[in-house]
Structures are given as structure tokens and as C-alpha cells.
1. Run the reach check for A:LYS137 against lysines, Cα to Cα strictly under 16 Å, same-chain hits fewer than 8 apart removed. What comes back?
2. Assign one of three labels to the protein assembly as shown, namely rounded, prolate or oblate, based on the Cα gyration tensor with a ≥ b ≥ c the square roots of its eigenvalues; rounded applies when a/c is under 1.5, prolate when it is not and a/b is larger than b/c, and oblate otherwise.
3. Could you tally up the Lys pairs in the range B:25-155 with alpha carbons closer than 17 Å? Skip any pair fewer than 8 positions apart unless they're on separate chains.
4. Can you give me the convex hull volume of the Cα atoms of chain A, divided per residue and expressed in Å³?
5. With +1 on each Lys and Arg Cβ and -1 on each Asp and Glu Cβ, and nothing else charged, work out how big the dipole of the protein assembly as shown is about its Cα centre, in Debye to the nearest 20.
6. Using the Cα centre of the range B:48-158 as the reference point, and only Cβ charges (+1 on K/R, -1 on D/E), how large is the resulting charge dipole? Debye, rounded to the nearest 20.
7. With each label point set 7 Å from Cα along the Cα-Cβ vector, what nm distance links A:PHE52 and B:ILE131?
8. Roughly speaking, what is the stretch gain from B:CYS146 to B:LEU122, that is 0.36 nm per residue apart minus the C-alpha to C-alpha distance, in nm to one decimal?
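All of the numbers you see were taken from the coordinates with simple rules; none came from a lab. Small disclaimer: the values here were computed from a predicted structure and weren't measured. In this analysis, Cβ positions are derived from the backbone assuming ideal geometry, glycine residues included, and neighbour counts consider all displayed protein chains.
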Amino acid sequence: MIVTPVARIRRFAMTVLISVAAISAAHTAWATPQQDIIAGYAAQAKSQDSRFAGFSATRGGTFFSAHPGGGKPETPSCTTCHTASPLNVGHTRAGKEIAPMALSKTPDRYTDKKKIEKWFRRNCNTVLGRACTAQEKGDYLSFMISQ
Amino acid sequence: MLKFPTISLAAIVTSILISTSANAGQSYNPVSDKIALKECSACHMAFQPQMLPQKSWEKIMGNLSNHFGEDASLNPADAKHIKDYLMVNAADAGGARGRFLRGMSGSSTPIRITETPYWGRLHNHEIPERIWKDPRVKSKANCAACHREAASGYYQEE
């Protein structure tokens, strides 16, 4: 069988295509950007507490609804601005809309570590009057990506 | 043949009357700096810097970790960048005498635009308390609830 140059190019292109597809499928199976970020918090949580035993979406949900005290009086809970359900549109105290925190409603959330850290820094201080632990952050994110 | 110029003249006269009327609305330069626009509009509209004097912006930017009851802290580089932008565009920047300085005492440093005498003159008698409490308004900081083009710097009379 004579392999023409055209056929050779075709075969090569096919191989490249299949490889690309395989690599991207494998990548998807590994982790979403959100799961990568949660994995980062897991490593941090382990280093903060040797008894760390993983994150819990249920615990994150309880954290979201809690009124922990210690923060600023205007914002006793996450739900002050985000409403009782993360599926809802929230409102800042100044009246501006906040896209729902649930990943299913706002799919581009939780992909930018810097942005996540900025808002944890601000809102943990505003609601709890202290920084959140890696455990709390991971639980919270696990809850939000499950919603 | 005569109709067209008559109509356009009428339109011109009307538009002059509207634009010279005291109630026609006001224009401010919209916030043009990208970082200021992004950061200052995260929780509320990015208010135009011409609405407060330099010393007010200085005070606000010096206490971002307790910004009207919330932590709005920024990284130091962004905070400095935004403060510099506010300084060169404030009501009194470069010796300007912006509208928002009218009636303001030299010894006061308002940190809310709604505390300025000028804002008060335009709103306090005219707007009943129930409007501010309406859930669609929620806060006096929500300019766009009534002035729909506020973020682009145009405050029409309602």
C-alpha cells in the first residue's frame, strides 16, 4: 500500500486530535478549578491542624446560616446580604445586587484564588470579627459548589 | 417646505429651555479609572470623586477596614492607586470649587455624600422618608434606584 503525503498528514492530524481529546478528558476527570482551590485549602488545613479529616458541605451550610457574633453589628451573618439560600440573588447593604453564591447559579465563581481570599478576608472580619480557618473556608466552598 | 425648519426650531428652543432649567439634571465625569471603578463598585455604585473634598476621601481611604460597618480593605497598591485618583478628581482638587462644596463648613469632613449640605438641599425636603425605606431603594447610597444613569455620571431630575 502506498501512503500518499496527504494520507500521512491526515493520519498525523488524527493522532494529534485524539491525544488532545484524551488529555483534556483526563484533566476534567482530575479536577475542576474549584476542586483545585479546595485541595489547596485542604493542604493548608492539614498544616493548621493534624487532626484534619476533610471538608464537609453540610458543615459549610451550617456555617453560612450561623450567627456567630463577634463581627460588626450590621452584618451578623453571611445571610444578612446573601439571603437564607445561596441560590438567591443577594443585596449589599448599599442596595446593590449580589449574584447567587451557589455555583449552579453563578458558574464562574470560585476560580480565582486571589478574589476568594480577598472576600474571605473582608467578610470573615465583617461577620465573625476574625479571619476564617482553612477548615471553615474549605467547608464553605464545598457547600457552595454542591448547591 | 416651511414645516421642517419650524419643527426643528421648536425642538431647539425646547431643548435649550430644558437644558437651562434648574431641574434638568446634572452631569459629572464618570469614574474612568479601571481599578477605582472595579473596586469601588463592588458593593455600591462607584461614586464620582467630585462629590467630596480631598480631606473626606483621605479619611474614607484611611479606614477601609471599617467602611460604614464593613471590612472593605484592599491590598496596599490598589488602595494607593485609588486614593491618588480620588485626590486629583475631588471637589476641591487643584483649587477647584465644585458644587459639592457649597454650604460646607471648612471644619467639617463628611464621609458620606448624603451628609453634605449640597446633597441635602437637593433631597431632604423633597424626598419623603418612606422612599428611602422602600426595599427597591434600601439605602441613600443607592443613587441608581432613582437616577438610573447615575453610574455614567448623569443624574436626571425625578
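1. Answer for A:LYS137, where 16 Å is the Cα cut-off: A:LYS46, A:LYS113, A:LYS114, A:LYS115, A:LYS118, listed by chain and number.
2. Since a/c reaches 1.5 but b/c is at least a/b, the shape of the protein assembly as shown is classed as oblate.
3. Pairs that pass both the separation and distance tests number 8.
4. 163
5. Using only the charged Cβ atoms, the result is roughly 480 debye.
6. Roughly 200 debye, rounded to the nearest 20.
7. The answer from the label model is 5.3 nm.
8. Values: separation 24, 0.36 × 24 = 8.64 nm, distance 1.33 nm.
Stretched out fully, the B:CYS146 to B:LEU122 stretch lengthens by 7.3 nm.
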